[in-house]
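Nothing in this text is a laboratory measurement; each read-out follows from the coordinates by a stated rule. All of these numbers come straight from a predicted model, not from anything done at the bench. We place every Cβ from the backbone using ideal geometry, glycine too, and count neighbours over all the protein chains shown.
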Amino acid sequence: MRILITAGPTREYLDDVRYLSNASSGRMGYALAEACLAAGHSVVMVSGPVDLRPPAGCELLAVETTAQMRDACVRRFPECDGVIAAAAVCDYKPKQRITGKIAKTGEPVTIEMIETDDVLAELGATKGSRWVVGFALEATNARENALQKLRAKNCDWIALNAPTAIGAETNRIELIDPTGSVVQTWSGTKTDVARQLVAWIDRPS
């Protein structure tokens, strides 16, 4: 199979110097790319800015903003059999990006925010016969929120993990299907979890 993987954070700029982002290391997405390659698949990975070297044989599309990630994914998804969306996409951006650098004035600053593109929802809406695995990072009402995300974004499965996964070497994932059932649970290093998830995707139908 040819698999699209999203990885790492995205950035949304307030001005030419400052940006909004998160602490995602990209390790989960990069581990998934390595596991897919080891299983004999080809990989197109769309990655936000991280300090990781992509595995040999992986086609890397480096992006920075959510819009850039969306454009790259929409462009390459039609040639893939499925997508594993592990990126920690920045959900909001400033309504207006300031040219230059915002100067300190000693006064409070108010910044109006708007939602960014929903990359996973767009892929889910256009998937056709392709499969979609999303990731949900949830702190409260975790399974309920993950299931809502699965249905809203037309995923085939959603991988639920906790905020403790951000920047960590390890992870614990509950894989949830459209009925709300937890079909698999994995924990360990992100490399181990990635291998188990890819092996599950590869299981006989």
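Residue ranges 3-10, 30-37, 188-195 sort as 3-10, 30-37, 188-195 when ordered by packing (mean number of other C-beta atoms within 10 Å per residue, highest first). Per the Kirkwood formula applied to alpha carbons, the chain shows a radius of gyration over Rh ratio, Rg over Rh, of 0.99. If you take all other residues with their beta carbon under 13 Å from the beta carbon of TRP186, and give Lys and Arg +1 and Asp and Glu -1, the sum is +1. Take the Kirkwood radius over Cα pairs of segment 18-112, plug it into Stokes-Einstein at 37 °C and 0.692 mPa s, and you get 212 µm²/s for translational diffusion.
Helix 66-76 axis versus longest C-alpha principal axis of the chain: approximately 40°, rounded to the nearest ten. With neighbours defined as other Cβ atoms within 10 Å of a residue's Cβ, the residues PHE135, PHE77 order from fewest to most as PHE77, PHE135. With r as the distance between the Cβ atoms of GLU115 and THR189 and R0 = 25 Å, compute the FRET efficiency 1/(1 + (r/R0)^6) and round to 0.05. Given R0 = 25 Å and the Cβ-Cβ separation, E is 0.15. The calculated FRET efficiency for ALA142 paired with ILE102, based on their beta-carbon distance and R0 = 35 Å, is about 0.45. Each Lys and Arg contributes +1 and each Asp and Glu -1, all at the Cβ; summed about the Cα centre of segment 40-100, the dipole is approximately 300 debye. Excluding same-chain neighbours fewer than eight residues apart, the aspartates and glutamates reachable from LYS190 by a Cα-Cα span under 20 Å are GLU34, ASP51, GLU138, GLU169, GLU174, ASP202. Rounded to the nearest 500, the helix-only mean residue ellipticity at 222 nm of the chain stands at -7500 deg cm²/dmol, with each DSSP H run of n ≥ 4 adding -39,500 (n - 2.57).
Within the shell defined by Cβ-Cβ distances under 11 Å, the residues around GLU64 carry a net charge of 0, with Lys and Arg each +1 and Asp and Glu each -1.
For the peptides 120-127, 45-52, 97-104, residues were scored by their other Cβ atoms within 10 Å and the scores averaged per peptide; the highest-first order is 45-52, 120-127, 97-104.
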